[in-house]
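> Below are the structure tokens for one structure; questions will follow.
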Amino acid sequence: MKTLNLLFVTFFILSMASLEAATIRVKNGQSIQKAINQAADGDTLIIEKGTFAENEITIRKPLTIIGESYPVIDGKEKGNVFLVAAENVHIRGLKIINTGMSNMDDSAGIKFFDSKNCSVEDNILEETYFGLHFSNSSKLTIKNNKLSSHAEREYQTGNGIHLWKCRDSFIEGNTVSGHRDGIYLEFVTNTVSIGNMIEANKRYGLHFMFSHDNSYIQNTFKKNGAGVAVMYTRNVLMKENIFEENEGASSYGILLKDITDSEIVGNIFRKNTIGIYMEGCSRSTFKSNSFTQNGWAIKLMASCDQNTFEENNFIANTFDISTNGTVVLNTLQHNYWDKYEGYDLDKNRTGDIPYRPISLFSVIVEKIPAAMILWRSFLVTLLDRMEKVLPSITPENMIDNSPKMRPYDIRTTNT
């Protein structure tokens, strides 16, 4: 009986060993696609250092692909480089270059369809039309990748990290530059983007629409063509991000359009043409943000209501707030305004008289943009002084009844 039990245990161990995933090495000059076709579910492919001229490499089974010393996968400008339609596919340590350029096919360095529990980490993607493209997928990890394009025009490149109809994903520590949009999300839910560096992209650093219940934390969006656009979305958390040097005739730190029930907290808006442009936004909180050296800190359109602005710093902006209406149904409280000239007799660090942040000249410029040529003239100073004494044109209810006398200490961990 003992002998039979021993034989059974031995047979079980040998059977389990035969089921263990294999490791397959792909040497320079060999075919990655052939190795994938021969691999079993769960195997690991080690791509050795070298250059592999392949495109349309298709993965339809669970696999792990790891590059040694960043082997180059050169698509030779012929469509997609990798196509993935499977669960549990993990790609790490590759250098992917030279996809095709096609708006019809959305050629990409790595393209995922209907995938789940997949990861793309520590890869370099250069001169790809789309960098990482995901559609109808979930539980993705997109981490520590470097994506760059040197296209001269917006139409010559796609998006760096593109998600369509995806959910429950994590985007962390990526660097994206030179693409159309750095990160693009449409119909994306329950996704966190954290610690990404998105710089010098042709259109938006971050562009997302119809994407609810997402968080964007400690990212930097710098020198992008039009800044960041957030549209037709609810329940967004944007926390401790930096929006910097997004400058141009139609550039913003953030464009918020038809946003509801969201939080914009602890962000830094620095040297943007417009820090925040808001249209059709409701029931959102803007707290502990720093607006410094912007043309307009906030452009608050009359279509916005029930938003709260509290404990923010407004320092060295040309205009702190402007609007295009006379009735503004939002709340200002406990903000610091460097243009405030009131006093604090009871020494409680809160001004004793209310502050109206909308200047008469900003109202005039909103209606007649060419009037900006008069900026810094004596006439403008006189008009604003008269409006402060006898307010008549600026919105009466746009007022901070408790302006702070000292700025808040607002920092982000990625400053």
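> Quick check on region 5-28: of everything there that is assigned to a loop (DSSP other than H, G, I, E, B) and at pLDDT below 90, which residue is farthest from TYR70 (Cα to Cα)?
Selected residue: GLU20.
> Residue by residue through region 181-201, note down the ones that are of a type outside the set (Val, Ile, Thr), within 23 Å of GLN156 (Cα to Cα) and open to solvent by less than 10 Å² (accessible area, probe 1.4 Å).
Answer for region 181-201, where residues must be of a type outside the set (Val, Ile, Thr), within 23 Å of GLN156 (Cα to Cα) and open to solvent by less than 10 Å² (accessible area, probe 1.4 Å): ASP181, GLY182, LEU185, ASN201.
> Output the number of residues of region 208-231 satisfying the condition of being modelled with pLDDT of 95 or more, in a strand (DSSP E or B) and either open to solvent by 40 Å² or more (accessible area, probe 1.4 Å) or of a type outside the set (A, V, I, L, M, F, W, C) (or both).
5
> Return the total of residues in region 249-275 being over 15 Å from the mean Cα position of the chain (by Cα) and crowded, with 24+ Cβ neighbours inside 10 Å.
4
> Just the residues that are in contact with an Asp or Glu (Cβ under 9 Å, 6 or more places away or on another chain) and either under 21 Å from THR175 (Cα atoms) or of a type in the set (Asp, Glu) (or both), please, taken from region 115-134.
Scanning region 115-134 gives CYS118, GLU127, TYR129, PHE130, HIS133.
> Return yes or no: is LEU300 open to solvent by 10 Å² or more (accessible area, probe 1.4 Å) and farther than 16 Å from ILE410 by Cα?
Answer is no for this residue.
> Need at least 1 residues that are at positive phi and surrounded by 19 or more Cβ atoms within 10 Å (Cβ to Cβ) per element, so show me which strands (runs of 3 or more DSSP E) inside region 51-148 make the cut, counting only ones lying wholly within it.
none
> To continue, here is another question. Just one of (1) among the hydroxyl-bearing types (Ser, Thr, Tyr); (2) over 17 Å from VAL228 (Cβ atoms); (3) crowded, with 23+ Cβ neighbours inside 10 Å trips up SER290, so point out which.
Of (1) among the hydroxyl-bearing types (Ser, Thr, Tyr); (2) over 17 Å from VAL228 (Cβ atoms); (3) crowded, with 23+ Cβ neighbours inside 10 Å, only one is false for SER290: (2).
> If you don't mind, there's one more thing I want to ask. In region 37-50, how many are more than 22 Å from GLY79 (Cβ to Cβ) and part of a strand (DSSP E or B)?
Here the count works out to 2.
The values are calculated or read from the model by the stated rules, or taken from the named source; none is laboratory data. Every value quoted in this text rests on a predicted model; they were computed, and no experiment measured them. In this analysis, Cβ positions are derived from the backbone assuming ideal geometry, glycine residues included, and neighbour counts consider all displayed protein chains. Keep in mind that these areas ignore ligands, DNA and RNA; they rest on the heavy atoms of the full protein, side chains included. Shrake-Rupley method; radii C 1.70, N 1.55, O 1.52, S 1.80 Å.
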